Amino acid sequence: MDGPAIEIAHVRCVFGSQTVLSNVSLRISAGETVAIVGESGCGKSVTMKVMMQLLQPTSGRLKWFGKDVETLSAVERQQQRLRLGYLFQGAALFDSLTIYENVAFGMRQTGLQDEQQIRSTVLERLEEVGLSPDIVGKRPSEISGGMQKRVGLARALALSPDVMFYDEPTTGLDPVNSRRIDDLIDSVRQTRGVTGIIVTHDLRTVQRVADRVVMLYPRSKLQNDVEQIIFDGSLTELANSSDERVHEYIGDEFTTNTARESDMECRLPILKSA
Ligand SMILES: Nc1ncnc2c1ncn2[C@@H]1O[C@H](COP(=O)(O)OP(=O)(O)OP(=O)(O)O)[C@@H](O)[C@H]1O
Ligand SMILES: [Mg+2]
């Protein structure tokens, strides 16, 4: 893929009397992994939902793979939407369905009926996320939170997305499971060339997987018309930012760690061997 994968321009989002986003523009290039950070309630998830068209902004433009979504026919829009996968907080699995049916769900939605093909894809994707085929008959409540996240990822990957959206992929997980998810996010990118957009508060995740960081600042704390994205750059630039608001969010520890982890020569072999 060449060019921008996802682009929003001049997005404004108002809920009642609350303006959450005003004039936010962001272009995500194909192949990059971008972390969107910022304090709670600043509009990160809203931004992500606008990018997926799960939420209609008050005004603004949305492009998928260089095409204005408004100009697409319903069929084209549906086709393009299938290129976008997502993993939400809590994995959002269907409790009443088995793991097998959860992973198969998207494929069935697209009209695929070849059970043999569905079965082999389900098993392949579960293997890709490091899960045993023995769990296919279980319900989500019978497996751990970390495993549920991996099933959610397997479900998204079953449709071979070009872009993956991850909303707080490691929230609520212990350090071992967080690292496992981070490694999977990175491996999805390395093996499939998937573009990644990650909303997270977990700075370790940012350090491990992102090559670009965007920081959103709450609209309510800014003067009108001031840029709401207060930072957009690499991990090294983030660590070296002179903006006090950036430092308040990332803390001093990030600066020290980043000097080591943001070096691509150093970072990639570490993640590859994981
Ligand atoms: N559908 C909605 N209707 C009304 N208000 C909404 C809606 N979605 C989000 N909001 C409001 O928009 C603001 C931003 O929400 P959002 O979920 O994007 O925050 P966030 O940056 O993702 O925060 P967190 O880090 O806590 O997840 C919040 O005040 C929220 O209450
Ligand atoms: Mg959120």
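The values are calculated or read from the model by the stated rules, or taken from the named source; none is laboratory data. Computed from a predicted model, the values in this text were never measured in an experiment. Please note: Cβ atoms are built from the backbone with ideal geometry, for glycine as well, and neighbour counts cover all protein chains shown.
Looking across the stretch 48-90, the residues that are closer than 21 Å to Arg155 by Cβ and in a strand (DSSP E or B) come down to Trp64, Leu84, Gly85, Tyr86, Leu87. When Arg204, Arg155, Arg150 are screened for being assigned by TED's automatic domain parsing to the domain that holds Thr236 and under 19 Å from the mean Cα position of the chain (by Cα), only Arg204 passes. Which ones in the stretch 110-146 are polar (S, T, N, Q), farther than 19 Å from Arg180 by Cβ and under 25 Å from the mean Cα position of the chain (by Cα)? Listed by number, the residues that qualify are Thr110, Thr121, Ser141.
When the stretch 110-132 is filtered for residues that are small (Gly, Ala, Ser) and assigned to a helix (DSSP H, G or I), only Ser120 remains. Could you identify the single residue in Val103, Val75, Val46 that is out of contact with any Ser or Thr (no Cβ under 9 Å at 6 or more places or on another chain) and at pLDDT 95 or above? None of the others qualify; the one that does is Val46.
Got a number for residues in the stretch 174-203 being more than 12 Å from Val34 (Cα to Cα) and within 16 Å of ligand 1 (Cβ to nearest atom)?
First, the residues of the stretch 174-203 that are more than 12 Å from Val34 (Cα to Cα): 174-184, 187-188, 190-193, 201-203.
Among the residues that remain, those that are also within 16 Å of ligand 1 (Cβ to nearest atom) are: 201-203.
Qualifying residue count for the region: 3.
Listed here are the helices (runs of 4 or more DSSP H) enclosed by the stretch 169-251 that have at least 3 residues being surrounded by fewer than 17 Cβ atoms within 10 Å (Cβ to Cβ): 175-192.
What about Val50, is it of a type outside the set (Lys, Arg) and buried (at least 21 other Cβ atoms within 10 Å of the Cβ)? Explain how you work it out, then say what you get.
On the way: of a type outside the set (Lys, Arg): yes; buried (at least 21 other Cβ atoms within 10 Å of the Cβ): yes.
Criteria met by Val50.
Looking at the stretch 174-192, is at least one residue in the same structural domain as Val34 (by TED's automatic domain parsing), in contact (Cβ under 8 Å) with a residue 60 or more places away in the chain and among the β-branched types (Val, Ile, Thr)? Checking the stretch 174-192: at least one residue is in the same structural domain as Val34 (by TED's automatic domain parsing), in contact (Cβ under 8 Å) with a residue 60 or more places away in the chain and among the β-branched types (Val, Ile, Thr). Checked against the criterion of being polar (S, T, N, Q) and assigned to a loop (DSSP other than H, G, I, E, B), the candidates Ser45, Ser40 yield just one match: Ser40.
Among the conditions (1) touching an Asp or Glu at 6+ places or on another chain (Cβ under 8 Å); (2) modelled with pLDDT under 90, the only one that Leu112 does not satisfy is (1).
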